[in-house]
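To start, the structure under review is shown below, and the notes come after it.
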């Protein structure tokens, strides 16, 4: 950390951002009719079972909970996206908007046939927004935006932005052609910087960073509310809304796809144990890197953490050499471009996971989490202890 001045600046940024979020959230809610608002709102964030709904999150094309884009009029959609943009950097917002547009590209790639037990399986209108509590009020409040390959979770406590994780971005396809020979790769830097760093390591260090020569089928911590010791990959069919499709044919398709993904990974129990999440970081600490490699790691951290506004991104923390030393990098799979791979960045208050394994390594997932404060659960506990008998 950079000292008292930077801490104060960060606190001011979090308060200012919370104010902008509250203004945008109120404007959106005020534009809705009674029926829309009923779907668009949830309970006040709490440190109890009443907060369970807010802590649900997904990155599959399932019901994320809230009011979908296509159930809103154009002016309401604009207000909704203004709220979404308030929690992201400009680059983060452009990336999220691009990911949403990829639903049309994916629909084309699949021959316009995927359903998932609904009228359109790949649907850029099926992104859900929900506000929890009263924006700008005295009590904690927050908002969640999610759909296929996007999950944003924000909590405001005591007038300041308290939590921005879990924060998930994915891309399917991860790479797609554009006119003139260009390629659309929304998450390219997250992938390329990590690969370049691993490939720059001398053999002894490369052996320490490599967990396995093959990659798990997905991010290891999946969409769990809490990151816990021993977390392992959850099959695709389990990363859904928890309900079976009423149509047995559609449920069978999902299960078959899930089984095929698991089989393709070739993982056995020992492999899962090797890559499972542990509080003690796996892989190579930044302390072992040379000067150039440390700057590559900082660039990789930026690519992952600068999805939120600069004033609240923890990226600046790693300008401090001691903080950077604590970051561990672990890799599984091939380091050849276009082949399945996975990596993890882990440090106190930090967990980043990346995988690009499905669809012949053309389907990427990236999640940023804080194992100590996802959904702001620790902040909520302190708030209610201080303000309630």
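Available extension along the chain between residue 184 and residue 52 is 43.8 nm, counting 0.36 nm per residue and deducting the alpha carbon span. Comparing segment 1-165 with the 2.2 N^0.38 Å rule of thumb, its C-alpha radius of gyration ratio is 1.09 (two decimals). Computed extension length for residue 336-residue 139: 65.9 nm, one decimal, from 0.36 nm per residue of separation with the Cα-Cα distance subtracted. Computed log10 I(q)/I(0) for segment 69-121 at 0.13, 0.25, 0.27, 0.29 Å⁻¹: -0.44, -0.98, -1.01, -1.04, from the Debye equation with unit scatterers placed on every C-alpha and solvent omitted. Comparing 257, 236, 300 in a Gaussian network model of the chain where C-alpha atoms under 10 Å apart are linked, the largest mean-square fluctuation is found at 257. Just 12, 356, 223 to compare: in a GNM of the chain, with alpha carbon springs under 10 Å, which one fluctuates most? For the chain, modelled as a Gaussian network with Cα springs under 10 Å, the answer is 12.
In this simple spin-label approximation, residue 291 and residue 98 carry label points 7 Å from Cα along the Cα→Cβ vector, and these lie 3.3 nm apart. Summarising the label geometry, the points placed 7 Å from Cα in the beta-carbon direction at residue 322 and residue 75 lie 5.5 nm from one another. Contact order for segment 325-389, expressed relative to its length and based on alpha carbon pairs under 8 Å spaced 6+ residues apart, stands at 21 percent. Working from label points 7 Å from Cα in the Cα-to-Cβ sense, the residue 44 to residue 108 distance is 4.9 nm. To the nearest 0.05, how large is the calculated FRET efficiency for residue 37 and residue 115 if R₀ is 30 Å and r is the Cβ-Cβ distance? That pair, residue 37 with residue 115, gives E of 0.50. Based on alpha carbons, the Rg and Dmax found for segment 140-283 are 18.6, 54 Å. Using C-alpha pairs below 8 Å separated by at least 6 residues, the relative contact order for segment 1-165 is 31 percent. Helices in the chain, meaning DSSP H runs of at least 4 residues, each add -39500 (n - 2.57). Divided by all residues, the mean residue ellipticity at 222 nm is -11500 deg cm²/dmol. Inverting the pair-averaged 1/r between distinct Cα atoms of segment 229-305 gives 16.0 Å as its Kirkwood hydrodynamic radius. Of the residues 31, 48, 265, the one that moves most in a GNM of the chain with alpha-carbon contacts below 10 Å is 48. Exposure proxy shown here: for 341, 328, the number of other Cβ atoms within 10 Å sets the order, fewest to most, as 328, 341. Can you give me the C-alpha center-to-center distance between segment 239-266 and segment 126-185, rounded to a whole angstrom? Cα centroid to Cα centroid, the span is 25 Å. Based on Cα contacts under 8 Å between residues 6+ apart, the chain shows a relative contact order of 20 percent.
Readers should treat all values here as calculations from the given coordinates under stated rules, not as data from a laboratory. Remember, predicted model here, so these are calculated numbers, not experimental data. Here the Cβ is made from the backbone with ideal geometry for all residues, glycine too, and neighbour counts use every protein chain on show.
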